[in-house]
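The values are calculated or read from the model by the stated rules, or taken from the named source; none is laboratory data. Source: prediction; values computed, not measured. Because the Cβ atoms are built from the backbone with ideal geometry, glycine has one as well, and the counts that use them run over all protein chains shown.
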Amino acid sequence: MKTIRVMVPTFNEEDNVIPMAEAIKEEFKKNLPNYDYQILFVDNKSKDSTREKIRKLCAEDKKIKAIFNAKNFGQFNSPYYGIIENEECACTISLCADFQDPVEMIHRFVEKWEEGYKVVVGVKTHSKENKLVRLMRTIYYKLSKRWSSVKFIEQYTGFGLYDISFTRMLKQIDDPTPFIRGIVAEYAEDIAVIPYTQAKRRAGKSSNNFNSLYDAAMLSFTTYTTKFPRLAGKLGMFLSFVFFLLTLTCLILSTVSHFTSLNVGWNWCCYSALALLLSLNMFFIGMVGEYVMAINKRSLKRPLVIEEERLNFDETAQEKQ
């Protein structure tokens with residue numbers, strides 16, 4: 001009997017972890033009776049009672065495991081770590097604890113996996129989330145797909161199934177800031193895509209905000225595109241030429257007293273162009289700064305996460321850690 005691991009990253013999900021565990025068990029009982037399962041909660045240093053409730057679940061069921069991080073390692077590292085920490089099960093399914101990723105998709109993922117696909121991903125075709133957030137996400141995915149060196153899967157957030165052969169490959173990637181969406185687009189060959197409608201959060205408040213979306217965008221752009229630095233160089237050359245002609249024209253007109261009123265207009269034109277140039281300069285300096293920070297993080301070779309505790313892992317497995 002094949003064993004499937006369902007990995008659920010958590011951060012302040014006290015109202016969702018117990019219903020999520022029950023929903024996963026029911027999904028296997030109803031739709032996957034011929035498979036065994038494990039549920040792995042990877043908690044990113046929750047500040048509420050999430051850990052207490054996970055402890056209770058682990059005490060009641062040895063098939064439920066937990067990894068408690070020593071601190072909050074961010075929205076990318078912790079789920080990625082949960083995906084690659086698998087040497088026992090045939091595959092890993094990653095889904096969010098807030099029920100926005102439908103639990104009933106699990107058996108559909110497994111069906112595609114049994115057809116031979118090593119990676120099966122869920123893609124949001126509709127969403128009940130905030131319309132403004134949805135719009136921002138859509139713009140981000142469009143830009144990522146258009147500007148990146150790999151073919152990103154639009155509206156794919158990491159929700160999906162990963163065969164153990166693929167997760168072992170992921171474990172070999174030496175990157176302290178991994179971006180699962182880009183890595184799947186870059187390295188996965190056999191990918192099945194299943195559309196779904198994203199529901200609203202079942203309970204609690206999302207930790208995602210503008211800053212988290214910005215972090216995702218910057219990690220994506222700095223890892224998989226060179227267009228911003230190159231655009232800055234090309235635009236700098238073009239504007240330098242334009243401003244040279246503009247300055248030369250202003251100097252010529254300023255020598256003709258008859259064009260005094262015209263000179264005022266040209267001066268204002270020069271001021272506006274200078275303001276535009278300064279704004280563009282600040283933008284591209286900021287983007288170069290993002291690239292430098294990304295390089296700095298990777299050069300430090302820090303671990304993905306630091307574990308504080310494991311629950312329901314056998315002693316041999318824990319000694320290896």
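Within segment 21-51, the set of residues being among the charged types (D, E, K, R), within 12 Å of THR10 (Cβ to Cβ) and either in contact (Cβ under 8 Å) with a residue 24 or more places away in the chain or not assigned by TED's automatic domain parsing to the domain that holds GLY82 (or both) comprises ASP43, LYS45, LYS47, ASP48. Considering only residues in segment 58-72 that are surrounded by fewer than 22 Cβ atoms within 10 Å (Cβ to Cβ) and among the hydrophobic types (A, V, I, L, M, F, W, C), the one that is farthest from GLU308 (Cα to Cα) turns out to be ALA59.
Which of the numbered conditions does VAL110 fail, given that it passes all the others? Conditions: (1) modelled with pLDDT under 95; (2) assigned to a helix (DSSP H, G or I); (3) not acidic (Asp, Glu). Looking at each condition in turn, VAL110 falls short on (1). Going by what's in this entry, would ILE84 be described as farther than 22 Å from THR177 by Cα and out of contact with any His (no Cβ under 8 Å at 6 or more places or on another chain)? In short, no.
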